[in-house]
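Worksheet: the structure to be examined is printed underneath.
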Amino acid sequence: MRIRMLAAALTLIPAGQALAQAGSGETWDTFGPDRASGVFLNITREHLVNNSAHAIAVDRAGRILILNDWREAGSINLDCALTRHIANARLLDMSFTGPQELEATQRIALDLGGVNLDVCNSLAVDDVNRPIIAGYATTGSVTSGFLMRRRANGSADTSFSSDGQLALASVAGFLGTDSRLEHVLSIGDKIVACGSVERGASSNMLIMRFTASGQLDTSFSGNGWDEVDFGVNGTRSDSCKRILALPNGDLIAGGIITDTSGDRAYGFARFTSSGGYVTGFGNQGRLIVANSSQLASTPSLTDLAWDAGRNRLLAACNLDFAATFSDSSCVMAIRGANGTFDPLFADAGRLSFRFSNFGGGIRETGDSTLTRIHVRDDGSFYALGTHENRETDASTHGSSDFVSMRFEADGSVVESGPQAYAGDGITFTSMYEVSVSEMAQSGSPWRRVGETLVDSTTYRGNLLFLVNRNRFPSFVYDHDGDGNLDEPGPIAPVAGALVTDRLFSADFDYDGVAPSTLATPITQPPAELGNYCSVRGSNGTFGLLPQGSGSDPCQVFLDDNPNLIIERAGKYSLSGLNWVIGTCSGGFITLRPGNGTAPFDLAFNDAAGRSNCVFTASPDAMPVFSRPYTGTNSGVGNTQSFNHDPYNISLDVADFGQTSTNGFNACAIDNRGRQRSIGNPDANPSTCNYDNSGVDEPAMDIDVTSSRDVIAVADGRVTMAIPRHVPLFAPARMDPYQREVFVRHSVGSGRYAEEFTTYYAHMSDTAVRTGDLVLAGDVLGQVGTTGASSGEHLHLSVIRHTNLTFRPTFELNFVGGSWDRDASVGAVDPFGWLAPQGFDPWAWRFRNHASNPLRNNAGALSPKLWKNGQAPPLQ
């Protein structure tokens with residue numbers, strides 16, 4: 001047995017004894033976004049109100065679909081949302097984007113004419129990956145069950161009725177009647193659904209089958225539906241909760257009905273594929289099972305599963321006791337041939353239990369709710385549900401926990417030994433979430449709230465689960481805006497996976513979306529730029545040659561010696577300011593600024609008598625970028641400057657013609673060489689931190705609001721456009737998916753091209769997709785505050801791919817989300833270096849960075865990339 005905690009980044013942390021059956025009950029780390037460790041929030045926008053989960057499903061392409069509410073703050077409207085994730089849920093599926101441009105999510109509104117309260121209960125996916133949703137909604141006069149089908153791209157499937165949705169209130173035989181649909185299945189080219197329909201003062205269990213075009217399938221029961229008659233007189237309240245398709249094509253429906261005594265009981269009906277009753281099952285195909293509890297209680301049925309090897313039905317059920325007894329769960333094993341109980345299962349075919357009965361008393365006795373059961377080939381089955389914690393446990397684990405356990409085919413539990421699931425047959429899963437900012441506010445990284453299982457399914461040999469959980473406990477956040485911290489919330493759907501039968505958990509899988517490899521369009525370099533080349537011979541010799549525009553200095557060297565190694569090839573200013581760095585064996589380095597070819601000559605002369613020298617040059621200005629947002633600079637706040645000391649080494653700002661603000665050296669400076677830090681990095685490095693100027697990263701934050709669109713600064717190719725999952729760094733209640741776009745640019749072509757990537761983050765949406773060709777000024781998305789953002793702004797970073805100081809090239813690594821672990825190595829400041837004196841330390845001071853090997857050989861020269869009048873305001 002394991003107690004697991006869902007930590008800050010929505011990961012499950014195991015604790016306790018080693019598992020007996022290796023890996024079972026562990027988090028399946030290859031499921032979910034990178035570094036989510038198998039569990040993630042299914043929230044893809046600002047999260048201010050409750051959004052409950054309803055269902056999870058898998059399509060034939062292995063993509064994960066999650067159905068939950070769509071609510072907005074300040075509105076009573078309730079719609080549904082369907083989100084699709086790529087295989088293993090590594091990323092949101094950008095091809096499933098709705099007209100609201102919310103990535104990977106379709107907003108689904110029935111709009112049947114009532115008060116716009118749409119309840120989506122069930123989700124299925126057909127053989128061609130079309131999602132099918134069942135539920136009920138209000139019309140102007142009644143509550144109507146509905147079905148809808150979406151195309152594989154998420155849009156409404158108009159081949160299923162004219163608008164892709166079907167309300168029972170408009171179907172002959174159901175006009176003007178109240179109805180609900182609770183469960184839907186896709187079986188071949190047919191759709192089967194069940195629920196209830198009101199007839200006078202009673203409600204009947206309803207089973208329906210539709211064709212692929214949305215018509216009632218008259219080959220089923222003569223008219224396409226059946227209202228199950230259990231032979232009970234008087235007022236009835238019968239409803240189907242789940243329906244099950246058997247291998248031979250039969251259907252079994254189950255739910256709660258009124259028995260002959262007027263009490264609540266379990267009701268089952270078995271149909272042939274043509275809609276006739278299987279007469280040998282129960283009483284002419286119908287079976288009533290009384291609530292056998294001697295205590296006053298209300299039964300519920302939550303799931304059906306088929307044990308093919310034993311030809312029996314397993315039904316998941318619960319008892320809600322009227323007295324102070326803890327609610328309990330149950331499983332019934334019913335023979336498929338005749339509807340009698342299987343005497344080899346538990347107590348004459350019935351199993352009653354509470355989750356707290358297991359795990360050696362690790363939890364106090366509490367209410368138990370069984371939600372789903374999944375049968376294995378050997379007849380054993382997984383039982384998944386919710387355990388309500390009593391006061392003592394609630395103070396540690398929250399009000400409730402998601403639970404998974406495994407029963408054997410006879411209803412017993414293996415609680416020890418090599419075959420025990422999770423060590424002793426059961427695992428309680430406590431979930432914790434907290435952001436970095438909340439840790440600082442609260443002084444504690446744990447937030448204890450409750451979670452309730454909603455749905456589960458099997459996926460590639462393991463179990464997927466979907467739970468509702470409050471993101472925060474009571475007395476922390478006022479999510480309803482009434483000024484009182486008196487409610488937990490808001491509710492969020494959380495999806496995750498546990499290792500069950502596919503016994504591995506390592507996070508080795510790629511994110512699943514490869515970056516674009518299509519050609520990058522060419523931006524013509526300014527006319528005042530020429531080409532230079534730095535070469536090196538295998539014997540330590542070296543050469544450096546700047547030439548005019550359109551020249552090929554590297555070829556000059558190669559014509560003389562084709563074995564030379566081209567170390568650098570790029571652009572320089574023919575007559576303006578250039579920056580040249582030379583590095584040689586033995587750690588030698590020379591720094592030379594100057595106009596035209598003068599710094600090349602000086603740097604080359606400095607290296608006389610040395611070996612293996614490499615020279616890197618950059619013009620002070622390479623104006624190719626336009627403004628990164630729509631409109632003018634009017635109304636735009638200041639831009640936080642790039643930090644030219646991003647790895648916090650000790651720097652004396654006097655070297656740059658500036659004065660220390662506190663008498664100490666700096667551990668952060670802006671592009672004017674000004675101190676932007678507090679503390680003394682020489683006496684106690686850990687006390688040196690950024691000041692309040694915001695200069696804390698090798699990038700910039702531009703104070704612009706959502707009234708603007710984000711646009712491409714130059715022609716380029718979108719190499720990646722993703723919502724990246726960063727819940728650890730997202731402020732409370734905000735969207736944990738950070739919208740990001742990467743655009744690659746090439747200034748010039750061929751050997752001397754200067755290549756850059758611009759990275760735009762925190763947008764509210766992404767209007768482009770990986771591989772798109774964009775021109776300067778094309779819209780990439782809207783300014784927003786998604787992910788690791790505390791307010792609306794545009795985060796812009798520029799990565800240099802060619803002619804870095806200590807490495808000839810640098811490429812972003814998108815695999816496994818690892819781009820953000822070392823991307824700063826090639827970052828440059830598009831505003832350039834503006835200090836009164838001195839050489840940009842970012843260009844040469846960071847060859848070695850002992851605290852992080854990924855950042856060794858970091859740094860590059862930063863040309864002024866903005867065109868005249870196009871730069872954002874700089875603080």
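Laboratory data are not the source of any read-out in this text; all were calculated from the coordinates shown. Remember, predicted model here, so these are calculated numbers, not experimental data. Note that we place each Cβ from the backbone using ideal geometry, even for glycine, and neighbour counts take in every protein chain shown.
Order by neighbour count: CYS584, CYS613, fewest other Cβ atoms within 10 Å first, most last.
Working: CYS584 20, CYS613 25.
Placing the least packed residue first, the sequence is CYS584, CYS613.
Just how large is the dipole of the chain about the Cα centre, in debye to the nearest 20, putting +1 at every Lys and Arg Cβ and -1 at every Asp and Glu Cβ? Intermediate results must be reported in sequence, preceding the final value.
On the way: 65 positive and 93 negative charges, 236 e Å.
With only Lys, Arg, Asp and Glu charged at Cβ, the dipole is about 1140 debye.
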>> Need the full-extension length gain, ALA290 to SER159, defined as separation in residues times 0.36 nm minus the C-alpha distance. One decimal, nm.
In response: 42.8 nm
> To the nearest Å, what is the center-to-center distance of the range 254-276 and the range 729-775, using C-alpha atoms only?
Replying inline: 57
>> Give the separation of the Cα centroids, the range 371-411 to the range 548-623, in Å.
In response: 68
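Set the Förster radius R0 to 41 Å, insert the Cβ-Cβ distance between ARG769 and GLN419 as r into 1/(1 + (r/R0)^6), and round the FRET efficiency to 0.05. Working shown, then result.
Values: r = 48 Å, r/R0 = 1.16.
Calculated transfer efficiency: 0.30.
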> Which part of the range 544-574 falls in the paramagnetic zone of ASN595, meaning amide N under 17 Å from the point 7 Å along Cα-to-beta-carbon?
Replying inline: 572-574
>> Suppose we keep just the DSSP beta bridges with both residues in the chain; what percent of those would be antiparallel, to 5?
In response: 95
> What nm distance separates the two modelled labels at ASN233 and THR396, each placed 7 Å from Cα along Cα→Cβ?
Replying inline: 5.7
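Between rounded, prolate and oblate, where does the range 181-276 land on the alpha carbon gyration tensor, with a ≥ b ≥ c its root eigenvalues, rounded for a/c under 1.5, else prolate if a/b exceeds b/c? Write down the numbers at each step before the final one.
Numbers: a/c = 2.19, a/b = 1.78, b/c = 1.23.
Prolate shape, in that a/c is at least 1.5 and a/b is the bigger ratio.
Would you please give the FRET efficiency between ASP655 and ASN852, computed as 1/(1 + (r/R0)^6) with r the Cβ-Cβ distance and R0 = 25 Å, to the nearest 0.05? Walk me through the numbers on the way to the answer.
On the way: r = 25 Å, r/R0 = 0.98.
In this case the efficiency is close to 0.55.
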> Tell me, what is a quarter of the convex hull surface for the C-alpha atoms of the chain, in nm² with one decimal?
Replying inline: 41.7
> Using the beta-carbon distance between ARG610 and ASN248 and R0 = 60 Å, what value does 1/(1 + (r/R0)^6) give for FRET efficiency, to the nearest 0.05?
Replying inline: 0.10
>> Using a 7 Å offset from Cα along Cα-Cβ at SER707, what residues in the range 766-783 end up with backbone N under 19 Å from the label point?
In response: 781-783
>> For TRP28, TRP833, TRP844, which order do you get if you count the other beta carbons within 10 Å of each Cβ and list the fewest first?
In response: TRP844, TRP833, TRP28
>> On a straight-distance basis, which lysines could pair with LYS571 in a cross-link, Cα separation under 26 angstrom, same-chain partners fewer than 8 positions away excluded?
In response: LYS864, LYS867
> Contour minus end-to-end for ASN868 and PHE729, with contour as 0.36 nm per residue of separation and end-to-end as the Cα-Cα distance?
Replying inline: 46.4 nm
>> Cut-off under 26 Å on the C-alpha distance; same-chain residues fewer than 8 positions from LYS241 excluded. Which lysines are left, in chain and number order?
In response: LYS190
> If you stretched the chain out fully between GLN837 and ASN129, how much longer would it get, using 0.36 nm times the residue separation minus the C-alpha to C-alpha distance?
Replying inline: 248.6 nm
> What is the percent of Cα-Cα separations in the range 53-497 that go past 35 Å?
Replying inline: 31
>> Whole angstrom only: what separates the Cα centroid of the range 827-875 from the Cα centroid of the range 65-94?
In response: 41
> In nm, to one decimal, how far is the ASP486 label point from the ILE522 one, both placed 7 Å along Cα→Cβ?
Replying inline: 7.0
> For the pair ARG151 and SER219, how long in nm is the line joining their label points, each one 7 Å along Cα→Cβ?
Replying inline: 2.7
